[in-house]
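Chemist: Sharing a structure with you now.
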C-alpha cells in the first residue's frame, strides 16, 4: 500500500482528491510549490509534520496553521439526494409504516462489507497512480519546453556549458548546477580572471535559473516585494525550504564591461558580516537578459516601519533596542570601510532607513552593500535623488561629486537621529535645540549609552 507520496515542484493544479487523504497507510505527502487550490481534506491533519503544502496560494482549510480559512465559494456544495431528504435511511416517498424486510444473512453481509473495503482500497491505489503519472508527465513536458528554450539561445564560445557546469559542481559538492548567459554579455564566463581559492568561492555562489524561477513561482506578482525602475525584488522558497529575497536586475542596468562587472560581483561574494544581508548566490540569464541576486530573507521589514508610529503601537521600539540598532548599523559600516584579506575597502554610497532591514531579533542588516559596483552610473545617480530628498546625502557631494567614507558617516548620523527620535523626515525633527533636547528623555541611566 502507498505510504509516501512526493508531488512537489510538478506544476499541478486543481484540488486535492479526497481519496488520497483516505489512503489508510499514507504517512508522508509533499505537494509544495504547485498551483493547487480548494479546500484541504481534514483527513490529512493526521499526517502532522508529514504533510507539506507550502507555496500553493489557492489552498484553504481549517486546522492548518499557514492556510487561510475557506469561504463559502471554496467549499464543496452538498450533493442533492435523488429522492429528497431521507428519513431513517429511507426515501421520503416510502411510508415509514411500510413493512420492509431486507433479507441478509450474516455471512453475506460480511462478504459485502469486505468487498466494499477492497474496492475502496483499489480505487485509492488507482487514483494515486494516476496522480503520480500525471505529475511525471507534466514535469517531463516542462523539461522538454525548457530544453527547447535553451537550444534557441546561443551560448558564447567562452561560456561554460551545462554539462561542464554539472561536472564542476559534482566535483565540488555544490547543488547549483547551471548558468545561462545573455547573447554578447558574458561577465561570468567561468571566473577566468580569478584563480585558486577565489575561483572556487566564486563558483560556489552560482545558482540554477530553473531553481530561481520555481522559487518565485515564475516571478509571480504575489511574491513581489518591491519594484523600482532598475530592479524588482521577489520572495522565494528554495528546495531546501529556506526563504530568500531574489533581486532581479535588467541587463541594461548593469555595467557593460565584463571585467568591471566581474570585479563587482566578486566583491559581493566576499562580504560576510553579521550586520550585512547575506548573499546566498547569483544567476544570470541570457534569454531573459537579467541577473538575479539571491539574499537571505529578512522578515521584519526595513527601519521605516518603526518610524512615525504612535504610542501603544506594537512597532514602537524600546530604548535598548534603538541603541542596539544604532550600534549594529555602525558595526556594519565599519566593516565595509575596513580592509581585510579577500575584502577591499568599500563605500556603501546609499545608506538610508529603507536600506536598514530588521531581523527577528531586531538586529539591523545593511542591504545592497556593494551593489553600486554592478550598476551603471546612470542607475546609481538616479538612486541618489531619493537619498538627497530625504537628507541622507552629504553636502560636500554637491561640490566635489565624489563619495568618501565620510559620506556614509553623514548618512549614518541622519539615521541615528531618526532612530532616537522615531521620526522619518528631518523637517519633523526641527532645527532648534529645544526640539533636539527631546531626545534625552528617552535616555535611561542604567542603559548603555556608548554608541561608537
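The values are calculated or read from the model by the stated rules, or taken from the named source; none is laboratory data. Note that the structure is a prediction, hence the values are computed from the model and not measured. Note that each Cβ is placed from the backbone with ideal geometry, even for glycine, and that neighbours are counted across all protein chains shown.
Chemist: Give the number of residues within segment 201-220 that are surrounded by 18 or more Cβ atoms within 10 Å (Cβ to Cβ), assigned to a helix (DSSP H, G or I) and touching a helix residue (DSSP H, G or I) at 6+ places or on another chain (Cβ under 8 Å).
Modeler: Within segment 201-220, the first condition is being surrounded by 18 or more Cβ atoms within 10 Å (Cβ to Cβ), and the residues that meet it are 202-203, 205-209, 211-217, 219.
Still in the running and assigned to a helix (DSSP H, G or I): 202-203, 209, 211-215.
Okay, now just the ones that are also touching a helix residue (DSSP H, G or I) at 6+ places or on another chain (Cβ under 8 Å), so 202-203.
Of the residues in that region, 2 qualify.
Chemist: So how many residues does segment 1-18 have that are in contact (Cβ under 8 Å) with a residue 60 or more places away in the chain and assigned to a loop (DSSP other than H, G, I, E, B)? Write out each step before concluding.
Modeler: Going through segment 1-18, the residues in contact (Cβ under 8 Å) with a residue 60 or more places away in the chain turn out to be 1-2, 5, 7, 9-12, 17.
Subset that is assigned to a loop (DSSP other than H, G, I, E, B): 1-2, 7, 9-12, 17.
Final tally of qualifying residues: 8.
Quick grid of which residues meet (1) touching a helix residue (DSSP H, G or I) at 6+ places or on another chain (Cβ under 8 Å); (2) assigned by TED's automatic domain parsing to the domain that holds residue 205; (3) part of a loop (DSSP other than H, G, I, E, B); (4) farther than 27 Å from residue 212 by Cβ:
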| position | (1), (2), (3), (4) |
| --- | --- |
| 328 | no, no, no, yes |
| 365 | yes, no, no, no |
| 369 | yes, no, yes, no |
| 378 | no, no, no, no |
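Chemist: Next question. Could you list, in sequence order, the residues of segment 296-314 that are surrounded by 12 or more Cβ atoms within 10 Å (Cβ to Cβ) and either closer than 17 Å to residue 415 by Cβ or over 26 Å from the mean Cα position of the chain (by Cα) (or both)?
Modeler: Residues of segment 296-314 that are surrounded by 12 or more Cβ atoms within 10 Å (Cβ to Cβ), as a first pass: 296-298, 300-309.
Of everything in segment 296-314, those that are surrounded by 12 or more Cβ atoms within 10 Å (Cβ to Cβ) and either closer than 17 Å to residue 415 by Cβ or over 26 Å from the mean Cα position of the chain (by Cα) (or both) turn out to be 298, 300, 301, 302, 303, 304, 305, 306, 307, 308, 309.
Chemist: Please verify whether residue 285 is surrounded by fewer than 20 Cβ atoms within 10 Å (Cβ to Cβ), in contact (Cβ under 8 Å) with a residue 60 or more places away in the chain and in contact with a strand residue (DSSP E or B) (Cβ under 9 Å, 6 or more places away or on another chain), treating the condition exactly as stated.
Modeler: Considered against the rule, which asks whether it is surrounded by fewer than 20 Cβ atoms within 10 Å (Cβ to Cβ), in contact (Cβ under 8 Å) with a residue 60 or more places away in the chain and in contact with a strand residue (DSSP E or B) (Cβ under 9 Å, 6 or more places away or on another chain), residue 285 comes out as yes.
Chemist: From the list 21, 62, which one is closer than 17 Å to residue 131 by Cβ and either outside the structural domain of residue 130 (by TED's automatic domain parsing) or without any contact (Cβ under 8 Å) to a residue 60 or more places away in the chain (or both)? I'd like the intermediate steps shown before the answer.
Modeler: Details: 62 fails: closer than 17 Å to residue 131 by Cβ.
The conditions single out 21.
Chemist: Among the listed residues 257, 274, which satisfies the condition of being within 30 Å of residue 339 (Cβ to Cβ) and at pLDDT 90 or above? First the steps, then the outcome.
Modeler: Values: 257 fails: at pLDDT 90 or above.
Selected residue: 274, the only one of 257, 274 that is within 30 Å of residue 339 (Cβ to Cβ) and at pLDDT 90 or above.
Chemist: Scanning segment 211-230 for residues that are within 16 Å of residue 284 (Cβ to Cβ) and at pLDDT below 90, which turns out farthest from the chain's Cα centre (by Cα)?
Modeler: Top of the filtered list is 230.
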